Amino acid sequence: MASISEDETQQLLRTVEMFEAITESQPEDYQSWEILKEAYSKLGRRPESLRASKKLAKAHISLGQISQAILEFEGILQEYPDDPEVLAALSEIEAKTSQLSTARQPSGAPSLREDSKPTPSAPTLVAGAAAPPSSSPAKQAPENGNKALVDVLLAEKVITAQAVEPLLKRLASSPAGNGESAQSLTLPQLLIDEQLIKLEDFLSLLVDRSGLPYLPLSTYDVDRDAVCLLPREICFENCIVPFDLISRSVLIATANPFDLQLRSQAEVMLAYNVFWYVTSPEEIHTALRRAHGLDTKHPQGTRISGMP
């Protein structure tokens, strides 16, 4: 195991505690299994890392992501070439795919939940490369993201076009904020503040429709260095926050997972593997303000560091 500091060890242990709880309640959450695998590996806990890797492959299978599962199993075999469980799983996959090859599938049938992860519009930047300028894309992303969110809400019939139109006009006339004064206006927060939808119902809809897992950010030990990986203005205007960095993976919370353009832009700007989680807009805003030293008061009952 590579030498890691005591602070990093404690951060990894808190990460393990959080994501073990998440995977217990959401066993198909392949993103959290990936994070657990990396955390266990950095802590030198090889048996747990191996178990998480197997769970990750099985989560891919349950979601119909067979190619990812095969890659994960083959990665295990590079270190454990005689693992009977992995060999059996690969044999089973091979047998099933051979059977399916004789049956013709509809040409346009999508894999389950494969569309929940956006495809970057440009190649991921290598480490050390300059991030693209944030001026033009950052100004357009909220508008496009708001439209995508509204389309989902209208399709689910939880709001009406007449009810949301004043909010969109309010956002359009509002100057772009950076979080230094009043709370930046975002559509997710306005929907909740104006009581067009309850927070619990809003989060449930985001999780159900996006396929992304929910993470309670207020009980997570947010890494302030991770928060600063993306420009502050982009984070405030689009209600996203990078909240942890584990090995070559960065975890980002969003209150609008349907903004695929913004998600792709963020992934291009980061030279890391990116994993997305759904969180409430208020928790994202609080994390951003505290990380950037903009807090003048601490909302009661809201925590950024430590478990409850």
*Roughly what would the spin-label model give for Glu74 and Leu196, points 7 Å off Cα along C-beta, in nm?*
4.7
*For the range 206-229, list residues with backbone N below 16 Å from a point placed 7 Å from the Cα of Glu24 toward its Cβ?*
216
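Considering only the range 135-291, what is the antiparallel percent among its DSSP beta bridges, to the nearest 5? Intermediate results must be reported in sequence, preceding the final value.
Details: 6 of 13 bridges.
Approximately 45 percent, going by the DSSP bridge assignments.
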_Cβ neighbours within 10 Å, averaged per peptide: list 268-277, 8-17 in order, most packed at the top._
268-277, 8-17
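Hey, can you rank 32-41, 19-28, 194-203 by average C-beta count inside 10 Å, highest first? All intermediate terms of the calculation are to be shown ahead of the outcome.
Values: 32-41: 24.1, 19-28: 16.2, 194-203: 14.2.
Answer by packing, highest mean first, reads 32-41, 19-28, 194-203.
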*Table column - 3J(HN,Hα) (Hz), the range 15-24, Karplus curve with 6.51, -1.76, 1.60, x for Gly and Pro*: 4, 4, 4, 5, 7, 5, 5, 5, 5, 5
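Every read-out reported here was derived from the displayed coordinates using simple, explicitly stated rules and does not represent laboratory data. Since the model is a prediction, treat every value here as computed from it, not as a measurement. Cβ sites come from the backbone with ideal geometry, for glycine too, and all protein chains shown count toward neighbours.
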